[in-house]
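**Student:** Dropping a structure here in structure tokens format, bear with me for questions.
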Amino acid sequence: MSQKLILHDLDNPPRDWTKPETVVWSAKPKIRPCLGCFGCWVKTPGQCVINDRGREMPSLLGNAGEIIFISRLVFGHLSPEVKTVIERSLASLLPFMIIKNGRMVHEGRRTHDFSLKGVFYGHNSEEARSLAADIIAGNALNLGAQICETLFFNNLPELLEKFCP
């Protein structure tokens, strides 16, 4: 897969991110949170039962060859907007659990290799950055990414200047 998916919480993403092989998806305005109903596994397999724009994210995640999460760093975690989108993407995985690298994770639906990159902005402590890197590594393991990378920028202007997906 050559498609790149950029999931972000930016108010104004750069226009040059829009390329034919790139899907740029904003987590704003915030979508409805996951209900935890497991309907995406038993009622509408592979698709969230909530009928809003977040419903398309599982298929976008499942088809991407490169996934980039761009998020404000909030207490060592993704922003609430990006976190909500990821949680609503549960349908991109199967309901079965397996042990992988000593951790229990969902079995994936994907049949192709892909990479996951977490890109954070906002000045935070080393402890917060370490927690965020662990969150991205956990997401990569659960989603089945073969390559995982986490980048940090002190503020949004620095991210926009130095990082161009």
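Readers should treat all values here as calculations from the given coordinates under stated rules, not as data from a laboratory. Because the structure is predicted, anything quoted here is derived from the model rather than measured. Every residue, glycine among them, receives a Cβ derived from its backbone with ideal geometry; neighbour counts consider all protein chains shown.
**Student:** Let me spell out the model: positive unit charges on the Cβ of Lys and Arg, negative unit charges on the Cβ of Asp and Glu, origin at the Cα centre of the chain. What dipole size does that give, in debye rounded to 20? Let's see the in-between values first.
**Tutor:** Working: 19 positive and 17 negative charges, 106 e Å.
My answer is approximately 500 debye.
**Student:** One-quarter of the Cα convex hull surface for the chain, in nm²?
**Tutor:** Working: hull surface 37.9 nm².
One quarter of the hull surface, i.e. the mean projection, equals 9.5 nm².
**Student:** In addition: Taking the number of other C-beta atoms within 10 Å as the exposure measure, put Ile31, Ile99 in order starting with the fewest. Numbers along the way, then the final one.
**Tutor:** Details: Ile31 19, Ile99 8.
Arranged by neighbour count, lowest to highest, Ile31, Ile99 become Ile99, Ile31.
**Student:** Quick check: net charge around Leu94, other residues with Cβ under 9 Å of its Cβ, Lys/Arg +1 and Asp/Glu -1? Can you show the working numbers first?
**Tutor:** Working: positive: Arg109; negative: Glu107.
Local charge sum for Leu94: 0.
**Student:** For n ≥ 4 DSSP H runs only, could you compute -39500 (n - 2.57) per run for the chain, divide by its residues and tell me the 222 nm figure to the nearest 500?
**Tutor:** Working: 5 runs with 44 residues, N = 165.
Value at 222 nm, helices only: -7500 deg cm²/dmol.
**Student:** Taking the Cα centre of the stretch 78-128 as origin and charging only Cβ (+1 Lys, Arg; -1 Asp, Glu), how large is the dipole, in debye to the nearest 20?
**Tutor:** Numbers: 7 positive and 6 negative charges, 52 e Å.
Computed about the Cα centre, the dipole is about 240 debye.
**Student:** Where in the stretch 14-120 are there chymotrypsin sites (Phe, Trp or Tyr not before Pro) that are in a DSSP coil and have at most 12 other Cβ atoms within 10 angstrom of their Cβ? Don't jump to the answer; show the numbers that get you there.
**Tutor:** Working: sites: Trp17, Trp25, Phe38, Trp41, Phe69, Phe75, Phe96, Phe114, Phe120; in loops: Phe38, Phe75, Phe114.
Sites meeting the loop and neighbour criteria: Phe75.
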